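Q: Pasting in a structure now, in structure tokens, and then I'll have a few things to ask.
The values are calculated or read from the model by the stated rules, or taken from the named source; none is laboratory data. Because the structure is a prediction, the values reported are computed rather than measured. With ideal geometry, Cβ positions are generated from the backbone for all residues, glycine too; neighbour counts draw on all protein chains shown. In case anyone asks, the SASA skips ligands and DNA or RNA and just uses the protein heavy atoms, side chains included. Shrake-Rupley method; radii C 1.70, N 1.55, O 1.52, S 1.80 Å.
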Amino acid sequence: LGRALAELMPDEPEVHGLLALMLVNDARREARFADGAVVLLRDQDRSLWDVAQIAEGRDALARARALGGRGPYVLQAVIASLHADDPQDWPRLAVLYGELARATGSAVVQLNQAAAIAEAGDPEAALALVSRLDLKRYHYLHSTRAELLRRLDRMEEARAAYLRALELVHSDAERRFLEHRLTTLPG
């Protein structure tokens, strides 16, 4: 569908951005789960990624940018493309997530920005951002908060946040991931 849209609308940067986003994200599909649990991006087996599909996505992204694209799909495609780099440029990703959050007004994007800020080396700033988000019934808020608290060596608070995430999660694969994180907390 994305390819068909790009053919029908060859001069629309957001269409090429959407195609790029779809291709790059889908290229990592085979590595996202192992033993019935979610695998974080940093832990994924990159040999399972479809590098040709990532390259095709990056070509679509280049087309979108050549057309002057800076809309939400193009920004998401840039972010997805950067996530495929090794090593990842976390400071740049944090800036791009911030730009996307301003463009969309999405608290979920701000949550992703917080994760990037933490990966860039500032879990305290990330936790401050997470604490301001109105996503109390969103399990990813609580699992992200738990991870940040773990990094800050605040294990009891991390345990409580993991338990709250477990109360809200619906996916068995994500539940197994959270249960594992909870059981591996020190103390």
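Q: Can we say ALA107 is under 26 Å from LEU23 (Cβ atoms), out of contact with any Pro (no Cβ under 6 Å at 6 or more places or on another chain) and among the small types (Gly, Ala, Ser)? Steps first, answer last, please.
A: Numbers: under 26 Å from LEU23 (Cβ atoms): no; out of contact with any Pro (no Cβ under 6 Å at 6 or more places or on another chain): yes; among the small types (Gly, Ala, Ser): yes.
Considered against the rule, which asks whether it is under 26 Å from LEU23 (Cβ atoms), out of contact with any Pro (no Cβ under 6 Å at 6 or more places or on another chain) and among the small types (Gly, Ala, Ser), ALA107 comes out as no.
Q: Identify, by number, the condition in (1) modelled with pLDDT of 95 or more; (2) charged (D, E, K, R); (3) under 29 Å from LEU61 (Cβ atoms) that ARG181 doesn't meet.
A: Just one mismatch for ARG181, condition (3).
Q: Spot the failing condition for VAL108; the list is (1) hydrophobic (A, V, I, L, M, F, W, C); (2) touching a helix residue (DSSP H, G or I) at 6+ places or on another chain (Cβ under 6 Å); (3) closer than 30 Å to ASP59 by Cα, and only one is missed.
A: (2)
Q: Same structure again: Collect the residues in region 165-178 that are in a helix (DSSP H, G or I) and closer than 18 Å to LEU141 by Cβ, keeping them in residue-number order.
A: Restricting attention to region 165-178, the residues satisfying the condition of being in a helix (DSSP H, G or I) are 165-168, 172-178.
Answer for region 165-178, where residues must be in a helix (DSSP H, G or I) and closer than 18 Å to LEU141 by Cβ: ALA165, LEU166, GLU167, LEU168, GLU174, ARG175, PHE177, LEU178.
Q: Given ALA62, ALA125, ALA116, ALA55, which one is in contact (Cβ under 8 Å) with a residue 24 or more places away in the chain and either out of contact with any Asp or Glu (no Cβ under 6 Å at 6 or more places or on another chain) or surrounded by 17 or more Cβ atoms within 10 Å (Cβ to Cβ) (or both)?
A: Numbers: ALA62 fails: in contact (Cβ under 8 Å) with a residue 24 or more places away in the chain; ALA125 fails: in contact (Cβ under 8 Å) with a residue 24 or more places away in the chain; ALA55 fails: in contact (Cβ under 8 Å) with a residue 24 or more places away in the chain.
None of the others qualify; the one that does is ALA116.
Q: Hey, among the residues in region 160-187 that are open to solvent by 80 Å² or more (accessible area, probe 1.4 Å) and touching a strand residue (DSSP E or B) at 6+ places or on another chain (Cβ under 8 Å), which one's farthest from ARG150 (Cα to Cα)? Before you say what the answer is, go through the steps one by one.
A: If we filter region 160-187 for residues that are open to solvent by 80 Å² or more (accessible area, probe 1.4 Å), which is where we start, we get 163, 167, 170, 172, 176, 179-180, 183, 187.
Checking the rest, the ones that are also touching a strand residue (DSSP E or B) at 6+ places or on another chain (Cβ under 8 Å) come to 176, 180.
Working: ARG176: 18, HIS180: 14 Å.
The residue in question is ARG176.
Q: Shifting gears a bit: Keeping to region 1-26, report how many residues are closer than 12 Å to ALA64 by Cβ and surrounded by fewer than 13 Cβ atoms within 10 Å (Cβ to Cβ).
A: Residues meeting the conditions: 3.
Q: Note down all Cβ pairs under 7 Å where the first residue falls in region 72-99 and is within 18 Å of ARG29 (Cβ to Cβ), the second is open to solvent by less than 50 Å² (accessible area, probe 1.4 Å) and β-branched (Val, Ile, Thr), and they're at least six residues apart or on different chains.
A: ALA77/VAL24; ALA80/VAL24; SER81/VAL24; ALA84/VAL24; ALA84/ILE54
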